[in-house]
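One structure is given below, encoded as structure tokens.
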Amino acid sequence: MKRAAVAMHELSIAKSVLEGVRAELAQRPGARLQKVGLRVGELSGVNADALSFSFEVLVKGTDLEPVTLEIESGPRLQRCPECNNEFTVENDDLACSNCGASRTECVGGQELEFTYLELEEP
Amino acid sequence: MSRVPLERKVLSENDRMAADLRARFARHGILCLNLISSPGAGKTALLERTLGALGRDERVAVLTGDIQTDNDARRLARFGFPVRQITTGGTCHLDARMVDRALGEWQLDQLDLLLVENVGNLVCPASYDLGEEAKVVVLSVAEGDDKPLKYPAIFSKAELLVLNKTDLLPYVPFNLAQARENARRMNPGIEILEVSCTAEKGIDSWMRWLDGRREKAKRAVRER
């Protein structure tokens, strides 16, 4: 049940990826899409494997095939308001890795964004 | 072949619609809250207590999301406030378009509180902005006190954590102090309330929180 729910989620995200791609392609008539680059943050709640799978399913049999989806993971970054240190979170430890301050703010890891498109342009 | 950098959020279309909704709510001084929890944590029960505590002349409406059935809308409609069910037909979260559609012909100038009950799920609803003023996460003590660590996205984004079913504490291994500590690790600024919807405990503190936020929303529209 849980697996199905998670896959359902990535399917709706994959639909949005496809909508975004089509919107970009509409601005570049004649361009042939080869690859889509995405950044998926650790805190985004999106599973990269399920997203790749959903994307493949949606693209299959359409004019976009063949196209590769390349997903880069976005680490969880925190910033310390005391000493301005920015650090990657390991083992859920949010205390500042420099000065030890316990209250730090999240500045990275929630992304769900495009990074690039690889195109063959006419 | 060329590589074109693309700075665009995957959910930019949802974000755009959510920003529209947020602007509409702000114009009318409506406080919109997005209630999120796992299935069975007590979102609907909290709404029942809330609607039951409000005077009949209060300008309140509820949208309630589920994958199937309109059971929740029927549970909530008996309080006499406008309630609309959003049946997602499989989708595991609400999105801004569903909220926009469900608002339909409701007169927003007749409202000052809109409570949106998301689909029971701690993962997906965290990704979709609905134009709300704040996300409220409900966690019941029948679940694990490590939920904030397992679902960091929603616990980082929520402004309020409602710990529900505290009447069950004597019977379950849930550690309240640990749950609070875990939530604050994810989100140092999160506010935390303890309630039992069944035993009607702590509802007054939730209603006070709600009143404070409603007052803030009204003040914002007066100052515009």
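Numbers at a glance
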| read-out | value |
| --- | --- |
| Set B:Asp112, B:Asp57: member being of a type in the set (Asp, Glu), touching a Lys or Arg at 6+ places or on another chain (Cβ under 8 Å) and more than 14 Å from chain A (Cβ to nearest Cβ) | B:Asp112 |
| B:Leu169 vs. criteria more than 11 Å from chain A (Cβ to nearest Cβ) and outside any helix (DSSP H, G or I) | no |
| Total residues in region A:64-119, condition part of a strand (DSSP E or B), facing another protein chain (nearest Cβ under 8 Å) and touching a Ser or Thr at 6+ places or on another chain (Cβ under 8 Å) | 4 |
| Matching option when the condition is away from every other protein chain (no Cβ under 14 Å), crowded, with 17+ Cβ neighbours inside 10 Å and not charged (D, E, K, R), among B:Leu47, B:Leu11 | B:Leu47 |
| Residue within region B:89-105 that is buried (at least 24 other Cβ atoms within 10 Å of the Cβ) and under 21 Å from B:Glu200 (Cα atoms) present | no |
| Matching option when the condition is of a type in the set (D, E, K, R), modelled with pLDDT under 95 and farther than 22 Å from B:Leu163 by Cβ, among B:Glu7, B:Glu58 | B:Glu7 |
| Search result, residues across region B:7-21 that are out of contact with any Cys (no Cβ under 8 Å at 6 or more places or on another chain) and either within 13 Å of B:Ala134 (Cα to Cα) or among the hydrophobic types (A, V, I, L, M, F, W, C) (or both) | B:Val10, B:Leu11, B:Met17, B:Ala18, B:Ala19 |
| B:Asp112 being under 26 Å from B:Arg24 (Cβ atoms) and in contact with a Gly (Cβ under 7 Å, 6 or more places away or on another chain) | yes |
| Evaluation of A:Val17 against (1) modelled with pLDDT of 95 or more; (2) surrounded by fewer than 21 Cβ atoms within 10 Å (Cβ to Cβ); (3) in a helix (DSSP H, G or I) (one fails), failing number | (2) |
| Unmet requirement for B:Ser127, which otherwise passes all of (1) within 12 Å of another protein chain (Cβ to nearest Cβ); (2) surrounded by fewer than 16 Cβ atoms within 10 Å (Cβ to Cβ); (3) polar (S, T, N, Q) | (2) |
| Any hit, region B:68-84, residues being in contact (Cβ under 8 Å) with a residue 24 or more places away in the chain and within 16 Å of B:Glu132 (Cβ to Cβ) | no |
| Answer residue from region A:33-56, given it is free of Cβ contacts under 8 Å to residues at least 24 places away in the same chain and either closer than 22 Å to A:Leu119 by Cα or among the hydroxyl-bearing types (Ser, Thr, Tyr) (or both) and is surrounded by the fewest Cβ atoms within 10 Å (Cβ to Cβ) among those | A:Glu56 |
| Count - residues of region B:53-65 that are surrounded by fewer than 21 Cβ atoms within 10 Å (Cβ to Cβ) and either of a type outside the set (A, V, I, L, M) or more than 21 Å from B:Lys218 (Cα to Cα) (or both) | 5 |
| Among (1) more than 23 Å from B:Asp204 (Cβ to Cβ); (2) among the hydroxyl-bearing types (Ser, Thr, Tyr); (3) touching a residue at least 60 places away in the same chain (Cβ under 8 Å), the one test that B:Thr64 misses | (3) |
| From B:Gly131, B:Gly89, residue being of a type outside the set (A, V, I, L, M, F, W, C) and modelled with pLDDT of 95 or more | B:Gly131 |
| Set A:Val59, A:Val107: member being surrounded by fewer than 19 Cβ atoms within 10 Å (Cβ to Cβ) and among the β-branched types (Val, Ile, Thr) | A:Val107 |
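Residue-by-condition table, conditions (1) more than 18 Å from A:Arg39 (Cβ to Cβ); (2) of a type in the set (A, V, I, L, M, F, W, C):
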{"residue": "A:Ser52", "(1), (2)": "no, no"}
{"residue": "A:Gly74", "(1), (2)": "no, no"}
{"residue": "A:Cys83", "(1), (2)": "yes, yes"}
{"residue": "A:Phe87", "(1), (2)": "yes, yes"}
{"residue": "A:Arg103", "(1), (2)": "yes, no"}
{"residue": "A:Glu113", "(1), (2)": "no, no"}
{"residue": "A:Leu119", "(1), (2)": "yes, yes"}
{"residue": "A:Pro122", "(1), (2)": "yes, no"}
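The values are calculated or read from the model by the stated rules, or taken from the named source; none is laboratory data. Not measured: the values here are computed from a predicted model. Note: ideal-geometry Cβ built from the backbone for every residue, glycine included; neighbour counts use all protein chains shown.
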